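Colleague: Quick one: the structure is below, questions incoming.
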Amino acid sequence: MESSNSEEREQTDSPPVPQEEEPMPEAGANVESVQSEEWWSASEPAPDSSPPVTEATDTEVIPRKEPGTADVYFCGHTSLFPLSRALRAIAQERLTGLLRSFWEQEPIELLARDGEIVFVTTRDPDLYCSDTPPTLADVDPVLVDRARNQQRETGTPFFLALAREESIALDAATEQMRHYGQKLFSELWTAPRAWIMFEKNADLLSDVADIPGEPNVRDWALETLRLIQNPDQPASFDPTSIPAYTKDGFERVQRLKLTSDEAQFASQFNGARSVQQIAKNLRLDLKSARPLLFRFLALEIVECWPGSTAAKPQQQSFFQRLRGLGRRDR
């Protein structure tokens, strides 16, 4: 009886454990093999049957639309990850790749090389350049339309396509790409909420090696903000709010090439003056002060605090009220 019980215990205890453990790794191994076929395209699944091959071909299209996390350096919404912070990361880390900005219109793409901005583009040529600049006055309209259609397909600025065909000079095309690229990027500063993603990819720069980059990203960003004339004012633009420098805002503002109006406006930030008081000191109306303040806020140089120092009616004591009544009687 004891031997039989021991045998039964061995049969009930020991065998089920390997039986339960063995099939699980086999199922897990199958899952891992499918995942490896999808993302890594390993050489081991080659002798398998055709279905894994079709799965691999289907998943190859997905990374082109949604790149894998291995190529994405940073991403996030601009409400949590502002554009100025993304531009500083590109310059400080000397990144090479593409900054994609998704918003209510066609996505905007910024091409960077070693921390320098090459150009900004989009697949919507009308959003990129709706008018006809004087540079294209002597260019055949058929060539311009063909270059615009090429931009719809590949995203390459049609100015660069015309320069490749020698319809315009490369210097003129570079100047136009800088102007319209900054004008296009300025639309993102006032977007209510955009989603940005930087993809590290050096292969995108193979065809633009002759295009010079913009090394000064700080002033480039400031120039895009100057193109905004009447930005929408959120709650932080209360005239009674008090602008104050951020942790490193005072150091970064000294590196910018400010205009005389911007320099005078920045000199008024002391953590005690309100926007209304600064405008009064500089003899500016609030309509002219708002764009100036918006630039410093967008660059995260200053932040506005509630106007706690605003004049409030003081509560009078009982005797002070009596004195006031006595003066009225007189």
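The values are calculated or read from the model by the stated rules, or taken from the named source; none is laboratory data. Treat the numbers as computed from the prediction; the structure is a model and nothing was measured. Virtual Cβ from ideal backbone geometry, glycine too; neighbours counted across all protein chains shown.
Colleague: May I ask you to verify whether Ile108 is modelled with pLDDT under 95, under 26 Å from Leu225 (Cα atoms), in contact with a helix residue (DSSP H, G or I) (Cβ under 9 Å, 6 or more places away or on another chain) and not hydroxyl-bearing (Ser, Thr, Tyr)?
Modeller: no
Colleague: Tell me which residues, restricted to segment 260-290, are touching a helix residue (DSSP H, G or I) at 6+ places or on another chain (Cβ under 8 Å), among the polar types (S, T, N, Q) and either in contact (Cβ under 8 Å) with a residue 40 or more places away in the chain or under 22 Å from Leu227 (Cα atoms) (or both).
Modeller: Selection gives Ser288 alone.
Colleague: Counting only residues that are assigned by TED's automatic domain parsing to the domain that holds Leu110, modelled with pLDDT of 95 or more and surrounded by 13 or more Cβ atoms within 10 Å (Cβ to Cβ), give me the helices (runs of 4 or more DSSP H) lying completely in segment 217-296 with at least 2 of them.
Modeller: In segment 217-296, 217-226 are the helices (runs of 4 or more DSSP H) which contain 2 or more residues that are assigned by TED's automatic domain parsing to the domain that holds Leu110, modelled with pLDDT of 95 or more and surrounded by 13 or more Cβ atoms within 10 Å (Cβ to Cβ).
Colleague: Do any residues in segment 168-180 that are among the polar types (S, T, N, Q) have Cβ atoms under 7 Å from those of residues that are in a helix (DSSP H, G or I), where the two are at least six apart or on different chains, and which pairs are they?
Modeller: Gln176/Thr135; Gln176/Phe159
Colleague: Please enumerate the residues belonging to segment 108-146 that are more than 26 Å from Gly213 (Cβ to Cβ), in a helix (DSSP H, G or I) and in contact (Cβ under 8 Å) with a residue 24 or more places away in the chain.
Modeller: Leu143 - this is the single residue of segment 108-146 that is more than 26 Å from Gly213 (Cβ to Cβ), in a helix (DSSP H, G or I) and in contact (Cβ under 8 Å) with a residue 24 or more places away in the chain.
Colleague: For segment 180-198, how many residues are in a strand (DSSP E or B) and surrounded by 18 or more Cβ atoms within 10 Å (Cβ to Cβ)?
Modeller: Going through segment 180-198 one residue at a time, the tally reaches 3.
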